[in-house]
Amino acid sequence: MQFLRSYFIELILMGVLLAAVLFFGYLGYGLLSPQLTAQTFSGEAAFVAVEEQLAFGPRTTGSEASIAASDWMTQTLRDLQWRVIIQPYDMTVPEVVVSEAISDTQTTSLSSLTTVRARNIVAVRSPSNLADDVTPPVALVVAPYDSRLVADGDQTRAPSPGANVGGSGAAILLELAATLDLELSGHTVCLAFLDSEANRGLPGWQPPFGGHVLIEEIEDGDPDLIECADPRVVVVLEAVGGNNHRILYDPASNSSVSNAIWQTAAALEFDDQFVPSIGQPMPGPHNTFVEAGYATA
């Protein structure tokens, strides 16, 4: 196996209701350099980014809140000098009355369908200090940003506010955009904010979800995404801001990438949060990237 160069490491600690140690590592198949550092990743700033998203309201796909939140994220990324690509796509979904019960065993009556416009946001940046004939390796970091149409644990069946699922991963990507040192890393980094992922499992919501659209357009050779083609590693952040969060190995993930992350966490004394145990298989956007053959954690 060809060993990859070390990936740059970012850590954050999210406090209060979103307490979790979160980090993005430039990952290697066996090689890591924890001493590489960039600007300090601020857990407080990431927490503020969660609050900013919540202020828009539930960010269900196609809603005014979703459009406003994605416009805000897009402008934030552009202000940070990232090249931003918008991927619009349509989904045909059921018209749902939120107060009606929806679960795996009890479904609402689906009297009609409607088309909603979804959109992924992809931010791209490459190092500027490389020779013209050098193509840097690609790291793709992904998080869903939409919120679920109904909060599964809420008896009122109201929309989820999306603080953890949707909010936490997107907040990490925004803070990474502000702090990653691309010149030091030597890698092209693509930060992908995925839409329409939160409603997986709800009646009538079927693929393609945001992850499917992103992969399809990358593999079809979309010229806007040429810098993100053939990623060496994919890191998917989803629901990583839980209270007293413990992050376990995902059984579907690439073992080399996962081992690199957890070994680095242990070296940095965050093994209380990154627990070296295998968790239960979970549905979610990470499986889309695993199934596409990418080295994903």
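The values are calculated or read from the model by the stated rules, or taken from the named source; none is laboratory data. What you see is a predicted model; the values in this text were computed from it and never measured. Neighbour counts are summed over all protein chains in view; Cβ atoms, including those assigned to glycine, are modelled from backbone coordinates with ideal geometry. The area values use the complete protein model at the heavy-atom level, side chains included, leaving out ligands, DNA and RNA. Shrake-Rupley method; radii C 1.70, N 1.55, O 1.52, S 1.80 Å.
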| query | Does W82 qualify as being aromatic (F, W, Y), over 20 Å from V236 (Cα atoms) and modelled with pLDDT of 95 or more? | reply | no
| field | Index of the failed condition, D224 passing every other in (1) open to solvent by 20 Å² or more (accessible area, probe 1.4 Å); (2) in contact with a strand residue (DSSP E or B) (Cβ under 8 Å, 6 or more places away or on another chain); (3) assigned to a loop (DSSP other than H, G, I, E, B); (4) under 29 Å from V116 (Cβ atoms) | value | (3)
| Just checking, which of A163, A192 is modelled with pLDDT of 95 or more and in contact with a helix residue (DSSP H, G or I) (Cβ under 7 Å, 6 or more places away or on another chain)? | A192
| task | Go through the stretch 228-243 residue by residue and tally those that are over 27 Å from R125 (Cα atoms) and open to solvent by less than 70 Å² (accessible area, probe 1.4 Å). | result | 1
| the stretch 244-297: number of residues that are more than 30 Å from E216 (Cβ to Cβ) and either open to solvent by less than 30 Å² (accessible area, probe 1.4 Å) or part of a loop (DSSP other than H, G, I, E, B) (or both) | 14
| request: Inspect all residues belonging to the stretch 197-208 and state whether any of them is without any contact (Cβ under 8 Å) to a residue 60 or more places away in the chain and over 29 Å from P94 (Cα atoms). | output: no
| field | Cβ pairs under 6 Å, 6+ apart, first in the stretch 66-78 and among the hydrophobic types (A, V, I, L, M, F, W, C), second in a helix (DSSP H, G or I) | value | A69/Q53; L77/A177
| query | How about the stretch 136-152: which of its residues are in a strand (DSSP E or B) and either under 9 Å from the mean Cα position of the chain (by Cα) or charged (D, E, K, R) (or both)? | reply | V141, V142, A143, P144
| Quick one: in the stretch 57-79, which of the residues that are over 19 Å from the mean Cα position of the chain (by Cα) and open to solvent by 60 Å² or more (accessible area, probe 1.4 Å) is modelled with the lowest pLDDT? | E64
| query | When both residues are 6+ apart or on different chains and their Cβ atoms are under 6 Å apart, which pairs have a first residue that lies in the stretch 140-157 and is within 29 Å of S185 (Cα to Cα), and a second that is at pLDDT below 75? | reply | V141/F24
